[in-house]
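The values are calculated or read from the model by the stated rules, or taken from the named source; none is laboratory data. Values in this document were obtained by computation on a predicted structure and should not be read as measured data. Neighbour counts are summed over all protein chains in view; Cβ atoms, including those assigned to glycine, are modelled from backbone coordinates with ideal geometry. Just so you know, the surface numbers come from the protein's heavy atoms only, side chains and all, with ligands and any DNA or RNA stripped out. Shrake-Rupley method; radii C 1.70, N 1.55, O 1.52, S 1.80 Å.
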Amino acid sequence: MRQYGFLEGPEVIRVEQVLSAKGDELPAVIAVLAHDKVRQAVDVLQTHSISQAPVVREASTDVAQFVGSIRDRELLERVFRDPDALQADVASVMAPPIPVVEWDAAVDDAFEELERAPAVLVAKAGQVAGVLTRSDLLDFLAHRRQAPRAKARSR
C-alpha cells in the first residue's frame, strides 16, 4: 500500500539537514596540510577545540585532496613516546582518511559510517561541504525528536 501512496512512509532525514542544524560556531571544514608539522596540527586542534581533523594534500575542498586524518588521541601517544615527532610532517603520522558521505544521502548512511569512525566528511558535487561527528548526529536526533512531542502535548 505504501508503494501506491496510500500509506505514508517514515520521514527520511538527509545528511544535509543534520549539517544545516549544526550552526556556525566553527568553519564548515577545518583541515591541516599534509606538509604541516605535527606541532602546527596540534595548534589547529587546540585553537578550534576539536579532537580530530582531516588532512589535505593542498588547501582545497575538493574531495580528492583529502588524504588522511589526525586525532588528538593518536598524536598524544606518538608525541609522548617521541617528542621529536612534533617536528615531523603530518603526512608521516596521519591516519586513514575520514569516510565521505553525500550531502543528499539518508542519515542512515552517515550513521553506518559513524559506527566505525568518529566523523564523516559531507560531500556535495565533489567538494567537501562540512564534517559531521557522532556528537553532531546525537545532538540533532535528541533535539529534533523533542520538538514534535512538545507540539503534540500542547494541542
Residues located in segment 46-71, provided they are of a type outside the set (A, V, I, L, M, F, W, C) and part of a loop (DSSP other than H, G, I, E, B): His48, Ser49, Ser51, Arg57, Glu58, Ser60, Thr61
Output for segment 81-132, where each listed residue is open to solvent by 60 Å² or more (accessible area, probe 1.4 Å), on the phi < 0 side of the Ramachandran plot and among the small types (Gly, Ala, Ser): Ser92
Conditions (1) of a type in the set (S, T, N, Q); (2) touching a residue at least 60 places away in the same chain (Cβ under 8 Å); (3) crowded, with 18+ Cβ neighbours inside 10 Å: number failed by Ser69: (2)
Hits in segment 10-45 - residues which are touching a helix residue (DSSP H, G or I) at 6+ places or on another chain (Cβ under 6 Å), in a loop (DSSP other than H, G, I, E, B) and modelled with pLDDT of 95 or more: Ala34, Asp36
Number of positions in segment 45-66 that are open to solvent by 40 Å² or more (accessible area, probe 1.4 Å) and in contact with a strand residue (DSSP E or B) (Cβ under 8 Å, 6 or more places away or on another chain): 7
